[in-house]
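The values are calculated or read from the model by the stated rules, or taken from the named source; none is laboratory data. Computed from a predicted model, the values in this text were never measured in an experiment. Virtual Cβ from ideal backbone geometry, glycine too; neighbours counted across all protein chains shown.
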Amino acid sequence: MKSVPLSSQNTIEFTASLLFSQHNPFAPPWVFVGAYLLIWTLFGGLAYLGALVASELAQQVPWIMMNAARIGGGILMLAGIYQLTSLKRVCLAKCRAPQDFILHSWGKGCSGSLRMGLKYGIYCLGSYLLLFVLLFPLGIMNIAAMALLTILIFAEKCFPLGARIAQFAALALILYGTLVIVVPAALPLSGADM
């Protein structure tokens, strides 16, 4: 008997190995997990390229640096609004329950596993995309921001009231974004003169 997994990655691997071994022993779970991780790797690469372009653009256009906090406030508000959309709710519902997703999206063989992993990765990316984008205005190397976003993502995904937590986070993000637009000093930026 297999033990209960503790992390979401373990949940994915556990569910995939359990289901694949029962339905099709020739579809290795690593295809599903690899496809899921591919989505996140591609997003990470695109985010990194976006950060490089934004940094270069900020060096060339002084207006961006002068209004960096206000732009950050707009991103905070955008992330808050996204938390309230039906797309976020659909993606979160699919991402919160990998077992249900696999059972209802079953595909045979390696190609089915690949499609399921890609779809599941896209749903999870859709759940948290703008929360990750928040690291740009909050600071990519800001450990406190990373910890808060990690706690928020964990709470949305794992707690029974995850959808309510997302709504509360939306309100907090919209209010904080509004504050930052009105009072730019409310968003601490390293290296930017406000």
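Couple of notes before you dig in:
- Qualifying residue in segment 171-182 (condition: out of contact with any Cys (no Cβ under 7 Å at 6 or more places or on another chain), surrounded by 15 or more Cβ atoms within 10 Å (Cβ to Cβ) and farther than 16 Å from MET77 by Cα): no
- Of the residues making up segment 57-76, those that are more than 29 Å from ILE122 (Cβ to Cβ) and in a helix (DSSP H, G or I) number 11.
- Residue in segment 5-12 that is within 25 Å of the chain's Cα centre (by Cα), buried (at least 19 other Cβ atoms within 10 Å of the Cβ), within 25 Å of GLN167 (Cα to Cα) and modelled with pLDDT under 95 present: no
- Selection from segment 94-114 of residues that are among the basic types (Lys, Arg) and crowded, with 16+ Cβ neighbours inside 10 Å: LYS94, ARG96
- Qualifying residue in segment 153-168 (condition: under 28 Å from VAL33 (Cβ atoms), free of Cβ contacts under 8 Å to residues at least 40 places away in the same chain, in a helix (DSSP H, G or I) and in contact with an Asp or Glu (Cβ under 6 Å, 6 or more places away or on another chain)): yes
- Residue match in segment 93-115 (condition: within 20 Å of LEU134 (Cβ to Cβ) and modelled with pLDDT of 90 or more): no
- The set of residues in segment 94-104 that are free of Cβ contacts under 8 Å to residues at least 40 places away in the same chain and in a helix (DSSP H, G or I) comprises LYS94, ASP100, PHE101, HIS104.
- Among the conditions (1) touching a residue at least 60 places away in the same chain (Cβ under 8 Å); (2) within 23 Å of ILE174 (Cα to Cα), ILE64 misses just one, which is (1).
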